[in-house]
Structures are given as structure tokens and as C-alpha cells.
1. So, Thr140, is that one in contact with a helix residue (DSSP H, G or I) (Cβ under 9 Å, 6 or more places away or on another chain), at pLDDT 90 or above and surrounded by 14 or more Cβ atoms within 10 Å (Cβ to Cβ) or not?
2. Having 2 or more residues that are at pLDDT 90 or above, in the same structural domain as Ala126 (by TED's automatic domain parsing) and surrounded by 13 or more Cβ atoms within 10 Å (Cβ to Cβ) is the bar; report the helices (runs of 4 or more DSSP H) wholly within region 159-238 that clear it.
3. Filter region 111-127 for residues that are in contact (Cβ under 8 Å) with a residue 24 or more places away in the chain and surrounded by fewer than 19 Cβ atoms within 10 Å (Cβ to Cβ); which is nearest to Asp24 (Cα to Cα)?
4. Would you check which residues across region 90-109 are part of a helix (DSSP H, G or I) and in contact with a strand residue (DSSP E or B) (Cβ under 8 Å, 6 or more places away or on another chain) and list them?
5. If Gln130 satisfies all but one of (1) touching a residue at least 60 places away in the same chain (Cβ under 8 Å); (2) loosely packed, with under 15 Cβ neighbours inside 10 Å; (3) over 12 Å from the mean Cα position of the chain (by Cα), what's the number of the condition it fails?
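The values are calculated or read from the model by the stated rules, or taken from the named source; none is laboratory data. All values derive from a computational prediction rather than experimental measurement. Ideal geometry is used to build each Cβ from the backbone, glycine not excepted, and the neighbour counts take in all protein chains shown.
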Amino acid sequence: MASTPLRQQLSTMRQSFFDEGLLDHGQVSYLETLENEDDPDFIENLFTLFLRDSSKYIASIEKALETTLDDFPFILERMMYRLKGSSASIGATKINDETNKLRGFCHEGDLESAKASLQNLKAEHANFKQKLAVYVGILTVLEGSLEVGFVTSNPGNRLITKVLQNGDVFVFPINLVHFQRNVGKSNAVALAALSSQNAGVITIANAVFGTIPEIPDDVLAKAFQLDKNVVNFQQSKF
């Protein structure tokens, strides 16, 4: 469980989302009632899906607007409808509002205003994504394939994994052990967004076996249920 100062900090940051109109308090409160022991990562998973899907919807909308609004292309309406629905489901108020404005311009056949509205939508989406990084770590795959995962807190310690492809987005909940590895046949490139410029990243192996001075070997032996010789061998690697 997070310390009291950390809980207060998270509560303040959460409230700032409501104060800035980025999230709807009522919808988020409702989502929190759906999170339970059987699905402790419900909200994180929901936001992960939103970031992944909304990025694809916006890209499809932008591509459709490069052509024409004649006969109102079906793909354009479908993507805007999905974006509106997904943003409403998590209470992303400003993104939902900008999507409604964009739909209005498209229905009016006003291509120039629609393109300008799309830029506002992209800006709101980018701002939302950046602010969300205060709570979590966000990883966007630019090239290749990455397997990513994190471990839930005690007592569950459940491993959540997913293979990401080009353009996919994954959200790492704050303060949880997580990893990523290349599972493709070529190099992979990803963009990571952390909670600050100095997010205090901790490398587990270094923090356990590479401390200065060393953690007493009997402590590590008991914690990891290892022989002291194995602990000493691991410490010698750092």
C-alpha cells in the first residue's frame, strides 16, 4: 500500500483532472465501483484500451479528411462515433467535446473547419495522454514488436502481459514492477512517457543485489529463499 504522502499526492493529481475538465468526476467514480478483487486492474486496462484505440481512430479520421467530405465517407463517421463512445466511457470530457465539434463540421460539409477542429482534437488528446503519465508510465511502440507486462501488488502478485505491435499503446500503473522485451525478428523502437523528467526509475536487480553497501546476505537469502552462496554470487555481478 502506498504511503500516506503518496496517497495524498495521487489524490491531489486525480482531483486536478476534474478541476481542469479533463475527466468527468461522475463517470470516473462509477468506473471505480466496477474495480474489485476479481478485476483489480479494470481502470488501468480501460485507459490502456482507450489510449490505444483513440490514437488509431484519430489517425483514421485524419486520413479520411485528406480526401473530401462529399457524401460523408462512412469510415469517417464510424471512426468519430467510436472515438466519441470510447472517450465518453472513461469520462474524457474535453476529447469528447472536441469530437462532437468535429462531427458537426463534417456533417455541415465544412472541410476547412473540420481540419482545424481535428488539430484541436489532436492537441487535447496529446495533453490528456501527457497528463495521464503523471499517474502511470505510458509506452508507445513505434517499430517492431514488444512484449510488455507488470505485476499487481500484494497479495495477488498477478502478471499482466501483452504483445504490442507498431502503433500500440500500453499503460503501466504507477509503482508496480514492469518490464518490456523485444519478441520480434528485428529491432524495436518505443517511446516511453514517465511521470516527470526525473521519475526515479528503479532497476530491480541493481536495487537488490547491487546496493552500496550491500544488503546483508542473510537478509536476501531469507527473502528470496536462496543459499547464501547464491546470493554472494549474484552480488559479485554488480
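1. Working: in contact with a helix residue (DSSP H, G or I) (Cβ under 9 Å, 6 or more places away or on another chain): yes; at pLDDT 90 or above: no; surrounded by 14 or more Cβ atoms within 10 Å (Cβ to Cβ): yes.
So Thr140 does not fit the description; no.
2. Working: elements: 204-209, 217-224, 228-235.
So the answer is none; nothing clears 2.
3. Of region 111-127, the ones in contact (Cβ under 8 Å) with a residue 24 or more places away in the chain are 111, 114-115, 118, 121-122, 124-125, 127.
Subset that is surrounded by fewer than 19 Cβ atoms within 10 Å (Cβ to Cβ): 111, 115, 122, 127.
On the way: Leu111: 30, Lys115: 26, Lys122: 19, Asn127: 16 Å.
So, considering only residues that are in contact (Cβ under 8 Å) with a residue 24 or more places away in the chain and surrounded by fewer than 19 Cβ atoms within 10 Å (Cβ to Cβ), the one nearest to Asp24 (Cα to Cα) is Asn127.
4. Taking region 90-109 and keeping what is part of a helix (DSSP H, G or I), we get 90, 93-108.
Residues satisfying the conditions are Ile90, Thr93.
5. So Gln130 meets the others, but not (3).
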